[in-house]
Amino acid sequence: MQQQKATLEVVNGEHPGSVKFIAKAEVKAAAYIWQYILASALTADGVWQVVSITTAASATLDGLTSGSLYYFRVAYVTPAGTSEFCQPRFFNGCLSAYLPRLNSISTELKSSGFLTLYFNFCMTTLI
């Protein structure tokens, strides 16, 4: 009997450039194999990188490049063998976990008749 493919969810990690993988736990799984590939390398001969092999149904990857698109996948290992990898999931949430937030706006009327606007921003976490 063929094993069912693993299912995968990818969410923002705790800081920019970090993602967390969450798989649906498989009762008989002894390990999970987590992989990623840069979207530009997703070709027939592209090489998937192993993030880690864990006994837990979740893992974290740090050090991703902001502004890059990645694909992720997972497979599980049971006494019957290794499942097929799940359908690759793309994720671009590692662009940044922070967004600029407008703090204040001030104006200055110049003697030349031009009005200058000043915008003060601070960084706000999405979490």
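Only the coordinates and a few stated rules stand behind these numbers; no lab work does. Because the structure is predicted, anything quoted here is derived from the model rather than measured. As a convention, Cβ positions derive from the backbone with ideal geometry for all residues, glycine included, and neighbour counts pool all protein chains shown.
Brief remarks follow.
- Peptides 36-46, 71-81 ordered by average Cβ neighbours within 10 Å, highest first: 71-81, 36-46
- Using bins of 5 Å that start at zero, the share of Cα-Cα pairs per bin across the range 8-97 amounts to 3, 15, 26, 24, 17, 10, 4, 1, 0, in whole %.
- Packing order of peptides 51-57, 29-35, highest average first: 29-35, 51-57 (average count of other Cβ atoms within 10 Å over each peptide's residues).
- Residues Glu9, Glu26 arranged by fewest to most Cβ contacts within 10 Å: Glu9, Glu26
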